[in-house]
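Structure, as structure tokens:
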Amino acid sequence: MEDLLSTLKPESWLVSAGRPLDPGAPLNVPPVPASNFIIGAGREYARDDGTPTWEALESIVGGLESGRAVAFASGMAAIAAVFDQLQAGSVVVLPDDCYQGVVGLAAAGAARGRWSVQRLAVDDTAGWVRACAAADLIWLESPSNPLLTVADLGAICEAPRKPGAIVAVDNTFATPLNQRPLDFGATVSLQSATKLIGGHSDLLAGVATTRDDALWRALKKSRELTGAIPGALEAFLAVRGARTLALRLERAQQTAMILAQRLERHPLVTCVRYPGLPSHPTHAIARRMLKGFGTIISFDLLGGAALADVVCRNVRLIRHATSLGGVESTIERRAAIPGQEHLPPSLLRLSVGIEDADDLWADLDAAIRSASAE
Ligand SMILES: *Cc1c(COP(=O)(O)O)cnc(C)c1O
């Protein structure tokens, strides 16, 4: 069965992986809300040994990148487990455009003297290549949040590294269907399963995937010692969401391309960032790194922050909410968030869901036009 699964396309793997094989077993691994198990079969305590539900999620997501995965309570818990690997005095390099939780985690550790942090522009490939020689943790996020800049993972992962250094890629926006960082040579690939893998905005979970067995064991140990375990229901829902990831992603990124093209021609829109648009600064890199351009668009409005806030209030089909990757489209003005004031003031981040493209466009266009008429 494992051999069969290794020959499948990702679309089939998502549906068939992580299922019991024993006759009479349920076709779907159920949520197993157990703290302890009867001794004798190697599984005694959930926080140490895992549960069948977490393992189903790990098997599905890990297999997508031909690696082994560890599931966590959230994307940030998975990320913190990677930072947990660092020795005191380590050098961490972060992108200039980066998930704010990671920036906060890195800053908190730096303030306590645990490590030092440098920042580099996502598209400064030569800078990243140079940084690899001295850094202990190279942290990449591609496409980045929310400017959607695409890093040249191929070139950066090939660069000579300090022995023992970790190259980590936050692959949440791409998912392993659009980009497999471990194929380029990254040490570990991170997913906030809260986003596209879960896909329904009803759970928090995270997954770290690696092909390095020692790191896999260390990440599991970190989960055991920090207690950053996924919930039984959350892991079950993440598995349930993953079954349809390929369909949802394909549909949503087709729609994102349509909306990005239409936004680019909109008289009240000044800048559209979507890696699939030829006008995107890293479009050429995106074409080499990504199988699909993803489901997130960010764009700026002629009327500035005030107009953008009204657009968020005026949308009806699209919901005014943070986060991303759900079946429902959501929109948010990112510079309104504390700590994000460096972003263009009117920047709206649109997470495209699986609704009809014309319905979404009609809603967005009406919201922009009515806002500018107010
Ligand atoms: C949401 C997100 C995270 C954090 O994930 P949580 O599940 O919210 O902890 C990390 N990186 C990126 C790119 C994200 O979008």
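The values are calculated or read from the model by the stated rules, or taken from the named source; none is laboratory data. Predicted model, so just to flag it, every value in this text is computed and none were measured. Every residue, glycine as well, gets a Cβ built from its backbone with ideal geometry; the counts of neighbours run over all protein chains shown. Remember, those area values only see protein heavy atoms, side chains included, never the ligands or the DNA or RNA. Shrake-Rupley method; radii C 1.70, N 1.55, O 1.52, S 1.80 Å.
See the values below:
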| quantity | calculated |
| --- | --- |
| Residue within region 332-350 that is β-branched (V, I, T) and open to solvent by less than 10 Å² (accessible area, probe 1.4 Å) present | no |
| Check on E264, of a type in the set (D, E) and either assigned by TED's automatic domain parsing to the domain that holds N145 or modelled with pLDDT under 95 (or both) | no |
| Single residue of T210, T172 found to be within 25 Å of H280 (Cα to Cα), in contact with a strand residue (DSSP E or B) (Cβ under 6 Å, 6 or more places away or on another chain) and not aliphatic (A, V, I, L, M) | T172 |
| Hits in region 92-106 (condition: more than 11 Å from the ligand (Cβ to nearest atom) and crowded, with 18+ Cβ neighbours inside 10 Å) | V92, V93, L94, A106 |
| Candidates L277, L204, L245 - the one that is open to solvent by less than 20 Å² (accessible area, probe 1.4 Å), within 16 Å of the ligand (Cβ to nearest atom) and of a type outside the set (G, A, S) | L245 |
| Region 355-374 - residue that is surrounded by 21 or more Cβ atoms within 10 Å (Cβ to Cβ) and not small (G, A, S) and, of those, farthest from F173 (Cα to Cα) | I368 |
| Given (1) surrounded by fewer than 16 Cβ atoms within 10 Å (Cβ to Cβ); (2) more than 17 Å from P176 (Cα to Cα); (3) not β-branched (V, I, T); (4) not assigned by TED's automatic domain parsing to the domain that holds G198, number of the condition L233 does not satisfy | (4) |
| Near pairs, Cβ below 9 angstrom, 6+ apart or cross-chain, from region 167-178 (in contact (Cβ under 8 Å) with a residue 12 or more places away in the chain and in the same structural domain as G326 (by TED's automatic domain parsing)) to any residue that is near the ligand (Cβ under 10 Å from one of its atoms) and of a type in the set (F, W, Y) | none |
| Odd one out for E374, checked against (1) among the acidic types (D, E); (2) in contact with a helix residue (DSSP H, G or I) (Cβ under 9 Å, 6 or more places away or on another chain); (3) modelled with pLDDT of 95 or more | (3) |
| Evaluation of V82 against (1) within 16 Å of the ligand (Cβ to nearest atom); (2) open to solvent by 60 Å² or more (accessible area, probe 1.4 Å) (one fails), failing number | (2) |
| Subset of region 171-196 (residues that are closer than 21 Å to S90 by Cβ, open to solvent by 10 Å² or more (accessible area, probe 1.4 Å) and not small (G, A, S)) | T187 |
| Which listed residue, of A214, A186, A218, A168, is modelled with pLDDT of 95 or more, on the phi < 0 side of the Ramachandran plot and within 14 Å of the ligand (Cβ to nearest atom) | A168 |
